[in-house]
Amino acid sequence: MSIFEDTAPRSPRRRPLRVAILGCSGSIGTQTLDVCRQHASKLKVVALSVYGSTDQLVAAAREFGAAHACVADPSHANDPILDELPGGCELTVGSEALAELAVLDDVDCVVNALVGAAGIHAGYQALKAGKVLAYANKESIIVAGDLLMPLAQPGMLIPVDSEHSAIFQCLVGERTRDLHQIWLTCSGGPFYGKSREELSLVSAADALAHPTWAMGAKITIDSASLMNKGFEVLEAHHLFEVGIDDVRVLVQRQSRIHSMVEFEDGSTLAQLGPSDMRIPIQYALSYPERWETPSQRIDWCNESPITFGEADEKTFGCLALAREAGRVGMTMPCVLNAANEIANEAFRHQRCGFLDIERIVGATMAEHSAEPVTSLDQLDAIDSWARARAAELLSERVS
Ligand code: MG
């Protein structure tokens with residue numbers, strides 16, 4: 001099934017659209033709240049979750065009058081600040097409660113802004129319950145795409161990732177079978193042009209200085225290693241039903257072009273705009289409409305030249321590993337993702353070097369025999385194995 005409405009007329013969604021924001025204190029979550037603030041007549045925030053940032057949860061629940069609030073980390077269940085939740089706001093605790101927010105009767109649309117594999121269950125439940133799923137949690141699609149994609153009715157699964165939003169926007173109204181290939185753009189990250197030798201010496205602080213996008217710490221490291229771009233190749237492969245090698249990575253240093261699609265006739269469509277995540281977030285909520293921009297408009301007369309380059313898969317081994325995991329498919333992307341979460345965290349805390357990330361991920365993948373994806377429980381078990389194995393490989397290196 002395609003995520004596009006090929007023939008059905010595109011009708012506006014329910015107004016106001018009742019929104020649940022999973023992970024409301026993170027980078028995507030706070031920017032989603034900003035969009036909801038700006039379009040208060042069209043968007044009603046009914047449910048919010050945080051991992052442990054209960055002060056931000058309470059502040060947002062009070063501002064938006066949310067009816068449901070969830071704290072995923074039980075160790076924050078008794079934070080005194082929670083007494084200040086607005087009257088009538090129902091509080092739930094734990095990761096299972098998180099998935100329950102995604103299926104509430106008074107929720108039309110779930111914004112999944114959870115980080116990492118933690119977001120997969122909630123995304124799955126949301127689609128199963130027939131909710132619109134605006135997802136920034138790309139792991140849902142990369143790891144569990146084989147389970148989620150068959151559940152996605154046309155117009156109900158909308159990417160928030162800027163590149164995939166761009167591709168989605170370029171494909172609306174087109175026939176996906178006319179697609180020749182996807183040009184997935186990439187800023188190149190903070191280490192663009194560096195040699196392997198130079199990369200062996202970079203620190204987490206160097207990686208956290210991303211040139212064009214302000215993001216959370218985990219994804220910023222993934223952007224520096226190009227693992228994030230590798231994930232995005234897998235994401236596009238699932239979402240738009242194209243071969244792994246029909247997703248080409250294109251370095252576009254200015255982050256003005258958010259991605260392009262090339263059709264059989266050689267025509268290429270691109271989506272351009274400010275590097276502001278609120279635009280793709282808002283599009284996921286406004287689709288099929290377009291609302292007043294949350295961002296500064298670009299005067300294209302004053303723009304500097306837009307340049308293109310090729311992504312260097314030899315120097316940035318994580319991109320090549322992600323492609324390899326995509327070619328194998330099945331449960332291999334689950335191992336890629338889990339091992340990367342461990343190695344990414346270790347690098348952020350100075351427990352390994354930058355090139356150790358790809359070494360640990362590659363070594364963990366090499367020990368896994370991929371099998372067809374059959375359930376979330378199976379993926380959870382493989383995820384746990386890969387995390388444990390990656391952690392062992394890390395400690396072997398240190399000792
Ligand atoms: Mg992206």
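Overview of values
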| item | result |
| --- | --- |
| Taking the chain and dividing mean pair separation by its residue count, relative contact order in percent (alpha carbons under 8 Å, at least six apart) | 16 percent |
| Extension gain, I306 back to T30 (0.36 nm per residue minus Cα-Cα distance, nm) | 96.4 nm |
| Under-18-angstrom lysine pairs by C-alpha in the chain, whenever the two are 8 or more apart or on separate chains | 9 |
| Relative contact order of the stretch 181-302, pairs being alpha-carbon contacts under 8 Å that are 6 or more residues apart, as % | 30 percent |
| The stretch 168-398, relative contact order in percent, only Cα pairs under 8 angstrom and at least six apart counted | 23 percent |
| The stretch 98-158 - Rg over Rh from alpha carbon coordinates, Kirkwood radius | 0.91 |
| Test item: Cα-centred dipole of the chain, Lys/Arg +1 and Asp/Glu -1 on Cβ, debye | 660 debye |
| Percent of Cα pairs exceeding the 32 Å cut-off, where the set is the chain | 32 percent |
| Sites matching trypsin sites (Lys or Arg not before Pro) across the stretch 255-304 that sit in DSSP coil, with at most 16 neighbouring C-beta atoms within 10 Å | R290, R297 |
| Farthest toward positive dipole pole in the chain [+1 Lys/Arg, -1 Asp/Glu at C-beta], among Q254, G116, W183 | Q254 |
| Solution diffusion estimate, µm²/s, Stokes-Einstein, the stretch 17-137, Kirkwood Rh from C-alpha pairs, 4 °C, viscosity 1.567 mPa s | 95 µm²/s |
| About the Cα centre, charge dipole magnitude for the stretch 153-205 (Lys/Arg +1, Asp/Glu -1 at Cβ), debye | 80 debye |
| Test item: Cα-centred dipole of the stretch 17-137, Lys/Arg +1 and Asp/Glu -1 on Cβ, debye | 500 debye |
| Cα centroid of the stretch 37-99 to Cα centroid of the stretch 356-399, whole Å | 34 Å |
| Low-density loop positions, trypsin sites (Lys or Arg not before Pro), the stretch 78-185 - DSSP coil, at most 15 other Cβ in 10 Å | R175 |
| Rounded D (µm²/s) - the stretch 168-398, Kirkwood Rh over Cα pairs, Stokes-Einstein at 20 °C, 1.002 mPa s | 113 µm²/s |
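Computed from the coordinates by the stated procedures, all read-outs in this text should not be read as laboratory data. Note that the structure is predicted; figures quoted are calculated from it, not measured. Because the Cβ atoms are built from the backbone with ideal geometry, glycine has one as well, and the counts that use them run over all protein chains shown.
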